[in-house]
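**Student:** Attaching a single structure in structure tokens format; questions to follow.
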Amino acid sequence: MKALKLTAPHKLEILKEKMPDPPGEGEVLIKMKSVGVCGSDVHYYTAGRIGSQVVEYPFAVGHEGAGEIAAVGRGVSDLRPGDRIAIDPAMSCFQCDQCLAGRPHTCRKLRFLGCPGQAEGCLCDYIVMPRASCFRIPDTMSFEEATLSEPLSIGVYAVRRSVPLKGMKIGIFGAGPIGLSVLFAAKNDGVGTVYMTDKLDYRLDLARRAGADHLCNPVREDAVKVISEAEPLLLDVIFECCGDQEALDQAVKLIKPGGKIMIIGIPPTLEKFSFAVDSMRRKEICVQNVRRQNHCVQAALDLIDRRAFDVNVMVTHRFGLKDAPEAFDLVEHYADGVVKAMIHFD
């Protein structure tokens, strides 16, 4: 089979690999149909690492995916070859203290697709996954939409971990796929007013079409001044979706006393965030990290299935596997109005 692998920083090659072993008990073999290029994939592409997770070459990235069941292992009776599925990239043990506490996303033995030291990614013709990571999708849902359930489920989880948003005034800092996913989930939960920031105007335009109420480009405007003048009592919740220290500084200034800052963005190189302690203490600000998604994949698929919003607006570019390196370069440089680049295997 073919597999797209990192062989050095900024270098992707299509390699010929042997087929995976037949699926074991509780496992399925998946023929990949589509894979989304995530910002974290691009961090591995450019820097070869995210924090302590360092790539050992060659290595396949890719964790946003959908495909078709090619074979099932022993004990899998509710899926069969030909079934169309979305993939949850997390593979938990379901036995450790974290799993038993309802936190399989922080499993002590967690393996995650495309994560160095854990599991090779899904940018290849076939992968084997646990049955628990597979979610059947209806014929009316495209493989591309099923792939988008991965970032959307993070948005759904982030909203669930915040506060009841009905009628609230919130900020979303970063209008990439995760920021847009938070926007979709928040709108579905009846949020009051949404302030959204991004340094790229074309992403703000997309955010407006997706339902954001007020937009600000911090390159040209003082985001703190603009938003605080519009909302003198400040914002109830702020979702930091870009992994940027400047955005966090703005969030501390713009969150109201007793408000909550949700940190979702992954910094490309920064290993530490800092906070203005005086403001944090005086306002009694709550900071909540968001670790991927937890029990939210099916909820995301249900939102896509009932057309609660048009998740397809995130996909701006499509490539075949042989042209996938171009997709990574595009996303790295935010070129040609890219938001989400999708790689298709057919």
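**Student:** Compute the acute angle (0 to 90°) between the alpha-carbon long axis of helix 245-254 and the principal axis of greatest extent of the alpha-carbon atoms of the chain; round to the nearest 10°.
**Tutor:** Roughly 50 degrees between the two axes.
**Student:** Here's something else I'd like to know. Over the stretch 214-277, what per residue volume does the convex hull of the Cα atoms give, in whole Å³? Kindly include the intermediate steps, with their values, before the conclusion.
**Tutor:** Details: hull volume 5.9 nm³, N = 64.
So the per-residue hull volume is 92 Å³.
**Student:** Mind running the shape call on the stretch 1-123? Use the C-alpha gyration tensor, a ≥ b ≥ c as the square roots of the eigenvalues: rounded below 1.5 for a/c, prolate if a/b tops b/c, oblate otherwise.
**Tutor:** Oblate is the answer for the stretch 1-123, as a/c is 1.5 or above yet b/c matches or exceeds a/b.
**Student:** Under a Cβ-Cβ cut-off of 9 Å, what is the net charge of the residues other than Met129 that fall near it, where Lys and Arg count +1 and Asp and Glu count -1?
**Tutor:** Once positives and negatives cancel, what remains is -1.
**Student:** How large is Rg over Rh for the stretch 17-58, taking Rg from the Cα atoms and Rh as the Kirkwood inverse mean of 1/r across Cα pairs?
**Tutor:** Across the stretch 17-58, the Cα-based Rg/Rh ratio is 1.09.
**Student:** Can you pull a Stokes-Einstein diffusion coefficient for the chain at 20 °C (1.002 mPa s), Rh from Kirkwood over Cα pairs, as a whole number of µm²/s?
**Tutor:** Translational diffusion coefficient: 104 µm²/s.
**Student:** Two decimals is fine: what's Rg over Rh for the stretch 68-197, C-alpha atoms, Kirkwood radius as Rh? Present the calculation step by step, with values, prior to reporting the outcome.
**Tutor:** Numbers: Rg = 17.1 Å, Rh = 16.8 Å.
Taking Rg over the Kirkwood Rh, I get 1.02.
**Student:** With N set to the number of residues, divide the alpha-carbon radius of gyration of the stretch 211-342 by 2.2 N^0.38 Å and report two decimals.
**Tutor:** 1.27
**Student:** Kirkwood hydrodynamic radius, computed over distinct alpha-carbon pairs, for the stretch 135-230: how many Å, to one decimal?
**Tutor:** By the Kirkwood definition, the hydrodynamic radius is 14.1 Å.
**Student:** Taking 1 over the mean of 1/r across every pair of different Cα atoms in the stretch 103-178, what Kirkwood radius in Å do you get?
**Tutor:** It is 15.5 Å.
**Student:** Turning to a different aspect of this structure: Once label points are set 7 Å from the Cα along Cα→Cβ at both Asn217 and Phe94, what is their separation, rounded to one decimal in nm?
**Tutor:** For the pair Asn217/Phe94, the computed spacing is 4.9 nm.
**Student:** Above 12 Å lies some portion of the pair distances; for the stretch 294-346, what is it as a whole percent of all C-alpha pairs?
**Tutor:** Percent of Cα pairs beyond 12 Å in the stretch 294-346: 68.
**Student:** Relative to the first principal axis of the alpha-carbon coordinates of the chain, what is the inclination of helix 201-210, with its axis defined by its Cα atoms, in degrees from 0 to 90 and to the nearest 10?
**Tutor:** Taking the Cα atoms of the chain, the angle to 201-210 is about 80 degrees.
**Student:** Further question: Taking Cα pairs under 8 Å and at least six residues apart, what relative contact order does the stretch 184-247 come out at, in percent?
**Tutor:** 25 percent
**Student:** Using a cut-off of under 11 Å, list every residue of the stretch 29-48 whose amide N is near the label point 7 Å from the Cα of Asp346 along the Cα-to-beta-carbon line.
**Tutor:** Counting only backbone N, you get 33-34.
Every read-out reported here was derived from the displayed coordinates using simple, explicitly stated rules and does not represent laboratory data. These figures come from a predicted structure and were not determined experimentally. Virtual Cβ from ideal backbone geometry, glycine too; neighbours counted across all protein chains shown.
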